[in-house]
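A.B. asks: Shown below is the structure under consideration.
The values are calculated or read from the model by the stated rules, or taken from the named source; none is laboratory data. This one's a predicted model, so the numbers in the text were calculated from it and none came from an experiment. As a convention, Cβ positions derive from the backbone with ideal geometry for all residues, glycine included, and neighbour counts pool all protein chains shown. Calculation scope for accessible area: heavy atoms of the full protein, side chains included, ligands and nucleic acids excluded. Shrake-Rupley method; radii C 1.70, N 1.55, O 1.52, S 1.80 Å.
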Amino acid sequence: MTMPTAFADVTASDSTLRRFLHGLPGVDAVGLEARAASLGTRSIKTTAKAYAIDLAISMIDLTTLEGADTPGKVRALGAKAVNPDPTDRGTPRTAAVCVYPDMVATAKAAVGDSGVKVASVATAFPAGRAAIDVKLGDVREAVAAGADEIDMVIDRGAFLAGDYMTVFEQIRAVKEACGTARLKVIFETGELSTYDNIRRASWIGMIAGADFIKTSTGKVGVNATPANTLLMLEAVRDFRAQTGVQIGVKPAGGIRSTKDAVKFLVLVNETAGPDWLDSHWFRFGASSLLNDLLMQRQKLATGRYSGPDYVTVD
């Protein structure tokens, strides 16, 4: 995705970018949280719930980002992404598996031609504390190994210091290094302190060419919440209305239950609209969520909950 020409003047200098970002409407924190909480009370039953569960499964970026990751663990994760429930071949595949750059080739081999994407974190994940040439090398390594998608972290230090142009330019450089791979830009919303900052970061990411904007790394205390995800959904909705360009959203970290996943799907439908209810435009960054979705799916099919050995331990 290239930057819409409407924003060429906005990014002409640090001062014009700052003026634009600080000219965005302020966020009514109380109103935002109240709306997120209200939408979270919507009840979904029977057929609609079965649809929502399958949709959520199809939107998962099944993730392992640990220092102890091994090729065997990544191969097992890839097999689970392709065939989440070996007892029911009608279960949807997940959208992707997400791994470190050195595990991309292993993940790629594991998913084969199934259609499951391989995503890789990059740019000195999760802290983002590295020189730009190191960050770009990280991206190029992952893409060369076969990554279909790159999840980059922004330089939160630069953002919080008000150096918005550095953040913008780094996203642009990473987007170029991605080639044909889609780019998800992670803000680490738990470190941005305010909703106004999350809105500003969202617009920097979108203007700079992100294909997705993503809440979190999953490595800090506060990750995806209904309120910060609602705010980002409003941003992509408004961006498409202004430019005609559609951008995806990925909440990540802390979404573990079917009930939570359904709440987020309601947020998507009621805020951005049904065009985003597709794995091309909405993802869950998760590791344990899939297990609960599978157990709830089997409960709907059989009327009873499975034993603890029904799903694999990730």
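A.B. asks: Of the residues A50, A37, which is surrounded by 14 or more Cβ atoms within 10 Å (Cβ to Cβ) and touching a residue at least 40 places away in the same chain (Cβ under 8 Å)?
C.D. replies: One residue alone meets the criteria, A50.
A.B. asks: Here is a list of conditions, (1) surrounded by 22 or more Cβ atoms within 10 Å (Cβ to Cβ); (2) closer than 18 Å to V249 by Cβ, and R182 meets all of them except one; can you say which number that is?
C.D. replies: (1)
A.B. asks: Could you check the stretch 108-130 and list, in sequence order, the residues that are open to solvent by 50 Å² or more (accessible area, probe 1.4 Å) and either at pLDDT 95 or above or not in a loop (DSSP other than H, G, I, E, B) (or both)?
C.D. replies: Residues satisfying the conditions are K108, A109, D113, G115, K117.
A.B. asks: Count, please, the residues in the stretch 8-47 that happen to be at pLDDT 90 or above, out of contact with any Asp or Glu (no Cβ under 6 Å at 6 or more places or on another chain) and not in a loop (DSSP other than H, G, I, E, B).
C.D. replies: 19
A.B. asks: Any idea which residue in the stretch 154-179 is most open to solvent (accessible area, probe 1.4 Å), counting only those that are of a type in the set (A, V, I, L, M) and not in a helix (DSSP H, G or I)?
C.D. replies: A161
A.B. asks: Could you say whether any residue in the stretch 85-101 is surrounded by 22 or more Cβ atoms within 10 Å (Cβ to Cβ), of a type in the set (A, V, I, L, M) and farther than 27 Å from L55 by Cβ?
C.D. replies: No, every residue in the stretch 85-101 fails to be surrounded by 22 or more Cβ atoms within 10 Å (Cβ to Cβ), of a type in the set (A, V, I, L, M) and farther than 27 Å from L55 by Cβ.
A.B. asks: Could you tell me which residue of the stretch 193-249 is surrounded by the most Cβ atoms within 10 Å (Cβ to Cβ), considering only residues that are touching a Lys or Arg at 6+ places or on another chain (Cβ under 9 Å) and of a type in the set (D, E, K, R)?
C.D. replies: Per the stated criteria, the residue is K214.
A.B. asks: Among the residues that make up the stretch 289-310, is at least one of them over 23 Å from T46 (Cβ atoms) and in contact (Cβ under 8 Å) with a residue 24 or more places away in the chain?
C.D. replies: There is no residue in the stretch 289-310 that is over 23 Å from T46 (Cβ atoms) and in contact (Cβ under 8 Å) with a residue 24 or more places away in the chain.
A.B. asks: Do any strands (runs of 3 or more DSSP E) lying entirely in the stretch 209-314 carry at least 3 residues that are in contact with a strand residue (DSSP E or B) (Cβ under 7 Å, 6 or more places away or on another chain) and within 18 Å of Y51 (Cβ to Cβ), and which ones are they?
C.D. replies: So the answer is none; nothing clears 3.
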